[in-house]
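Nothing in this text is a laboratory measurement; each read-out follows from the coordinates by a stated rule. The structure presented is a predicted model; accordingly, all values stated were derived computationally and were not measured. Please note: Cβ atoms are built from the backbone with ideal geometry, for glycine as well, and neighbour counts cover all protein chains shown.
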Amino acid sequence: MYFMNTVHSASDIEKNLVAVYARMAEAAKRAGRDPSSITLVAVSKFHPRESVLEAIQAGQYIFGENRVQEAAAKFPPIQVVTPEVSVHLIGGLQTNKARDAVRIATMIESLDRPALADALDRAAQAEGRLPDLLIEVNTGSEPQKYGVPVGEADGFIRTCRQRFGDKLRGLMCIPPVGIDPTPHFVMLRTLAQTHGLGILSMGMSADFEQAIMQGATHVRVGSAIFGARSVVGTCV
Ligand SMILES: *Cc1c(COP(=O)(O)O)cnc(C)c1O
């Protein structure tokens, strides 16, 4: 891997990235999968620009952020210097942030309701670009969580497919805290297979290996790379 050959002394973030990639490869091997079929989205929310720059130094170019405003402040200046850096928006998205989201994101992973689909469609017309889209499914049927309810997922996926075509790439989920996430990963995979969608964004620091065992193509890992966040709550 590129980042194992860098000349500067390894930072904590670099060491953490190396460790996460090694764990991903190990899980892929156990699952009989090609490690290169799994993308690491490094979740840098609440971490400063310097941490992102350290990760870039270590060869990481794909980042995840929950809040549009934070992403819009942090990333465009970095992308001036390193244009290949891309941002996935992974947090609940307000319709009034759709235009900024469409402007800065390579992928929006949290499409979860018709009003947001409308707003993203309008924003895409205005901006002349549309990021890749994932539909977030509330696999645990938790009332406080983002994500389309499981019972409405089939219909919502179909209407989004009609509307966004190939830009609808797949599904994302955040299983409930404190329970075995595997049934949720299986549910998401089954739903994606039913609809012929290729991307499965599932698995975070605590459970990305289990997600890889169940077919995750994208894992969203924050604290295992950047350390604990100073602001807690609101994030999932
Ligand atoms: C914060 C967050 C993550 C990363 O969580 P960690 O436990 O720090 O790895 C992944 N996905 C979403 C949607 C998040 O909000």
Near the amide H of K45, under 5 Å away, which other amide H atoms are found, from residues 5 or more places off or on another chain, if H is placed in the peptide plane?
N66
Suppose each label sits 7 Å from its Cα in the direction of the beta carbon; what would the E152-A19 distance come out to in nanometres?
4.1
Percent relative contact order for the chain, counting Cα pairs under 8 Å at least six residues apart, stands at 20
Taking the alpha-carbon set of segment 12-226, what are its Rg and Dmax in Å?
16.4, 46
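Using DSSP to define loop residues, name the GluC sites (Glu not before Pro) in segment 20-63 whose beta-carbon has at most 10 other beta-carbon atoms within 10 Å.
Numbers: sites: E26, E50, E54; in loops: none.
Answer in residue order: no site qualifies.
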Specify the inter-centroid distance of segment 78-107 and segment 118-163, based on alpha-carbon positions, in whole Å.
16
Cross-link table K45/K97; K15/K97; K97/K167, entries beyond 28 Å C-alpha to C-alpha
K15/K97
Directionally averaged shadow of segment 44-158, computed from the convex hull of its alpha-carbon atoms, nm²:
7.8
J(HN,Hα) series, segment 122-127, from Karplus relation 6.51 cos²θ - 1.76 cosθ + 1.60, nearest Hz, glycine and proline x:
4, 4, 5, 4, 5, 8
Please get the size of the charge dipole for the chain, origin at its Cα centre, with Cβ charges of +1 on Lys and Arg and -1 on Asp and Glu, quoted in debye to the nearest 20.
260
Out of residues 5 or more away from I199 or on other chains, whose amide H comes under 5 Å of its own, with H placed 1.01 Å from N in the peptide plane?
G170, L171
Simple spin-label model, 7 Å along Cα-to-Cβ: R49 to A31 in nm?
3.5
Residue-normalised 222 nm signal for the chain, counting each DSSP H run of n ≥ 4 as -39,500 (n - 2.57), nearest 500 deg cm²/dmol, is -13000 deg cm²/dmol
